Protein chains: 2
Amino acid sequence: MLDMKQKIKIFKALGNETRFLIFKNVFTGGYTCSLDKKDPNVKVSPHATCVSTIAEHFDFSLPTISKHLKELREADVITMEKKGNKIYIEPNIETIRELGGCFSTLVDNFESNRALFFEDVVVS
Amino acid sequence: MLDMKQKIKIFKALGNETRFLIFKNVFTGGYTCSLDKKDPNVKVSPHATCVSTIAEHFDFSLPTISKHLKELREADVITMEKKGNKIYIEPNIETIRELGGCFSTLVDNFESNRALFFEDVVVS
DNA sequence: TAACTATTTAGTTAAATGCCTAAATATGCA
DNA sequence: TGCATATTTAGGCATTTAACTAAATAGTTA
């Protein structure tokens, strides 16, 4: 289960346009590392990408993107795995599933509380 | 549907410990406005509360809490309705439901993409 | 109208954030 | 070993954020 600190970290991470867009790119995929595109022998998930490839899609410097990625990783919404001199980045679907679950629980609890509150109320 | 700007606003609003706790208090209820506690004739939803009542539960000044509430309202996660000289605050369940839906969609899309990717892969 | 209650606005300050460039580190390859 | 590639660290700067106090606004009540 995600504790409060972790949830806040996730919200903070996604509450910035650049990081939100990086997050979107990592999740929806659509491109892989430049080198891998040239070398069809490299086998990675269609969602895997690397720092410099992501940076290519933004007008910010590489260190800036690197720092944003670090924050997304610390929020556990992506994973970063070093292979050779590159870092492969993938979405962490488990965290997103859990967060979605939290919202569902919140909504469900709210609905039942409301049901309890109006238990004895009969509409004409 | 929530657009990107709106989602980012929600994440930014919830990505701060004080606002997250206010949000939690507003959603889980448990207390109503001080005056209303003294006057059982006032009829409000068990979730309704007001600015000063929320502020009582924090070590920050009233203006600070007021500003946080404004940000939560602009993110559409709570509603603030003026009745007399008080403002009644309630959770906006619709926004939370929509956000939860976004996460579910993201997870579902990811799952089907993964299924497609491994379509022809047979595990021994 | 005057005093009281509830809330927001204004102005200030310290800390955090988001960006940059330059330099450092780590790995790969000739 | 030395050069190239990939990424992070360090340091600096401008903007934003989160807090405060004091004052203003809006509505209630005596």
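Readers should treat all values here as calculations from the given coordinates under stated rules, not as data from a laboratory. Bear in mind that the values here come from a model prediction, so they are computed numbers and not experimental data. Here the Cβ is made from the backbone with ideal geometry for all residues, glycine too, and neighbour counts use every protein chain on show.
Inter-copy label distances at A:ARG114, using a point 7 Å along Cα-to-Cβ, come to 3.2 nm with the shortest given first.
Ordering B:THR79, A:THR64 from the fewest to the most neighbouring beta carbons within 10 Å gives A:THR64, B:THR79.
Report the FRET efficiency, 1/(1 + (r/R0)^6), for A:SER124 and B:LYS82, where r is their Cβ-Cβ distance and R0 is 25 Å, rounded to 0.05. Walk me through the intermediate numbers first.
Values: r = 29 Å, r/R0 = 1.15.
About 0.30, to the nearest 0.05.
Annotation: amide H-H contacts under 5 Å for A:ASN92 (H modelled 1.01 Å from N, sequence separation of 5 or more, or interchain): A:ILE78, A:THR79. The residues A:LYS70, A:LYS9, when put in order of fewest to most other Cβ atoms within 10 Å, stand as A:LYS70, A:LYS9.
The same position A:MET1 in the other copies lies at 3.4 nm from this copy, comparing label points 7 Å beyond Cα toward the beta-carbon, shortest first. Position A:PHE60: other-copy label points at 2.4 nm, ordered by increasing distance, label point 7 Å along Cα→C-beta.
Gap in Å between the Cα centre of segment B:102-118 and the Cα centre of segment A:52-115? Segment A:52-115 and segment B:102-118 have Cα centres spaced 15 Å from each other.
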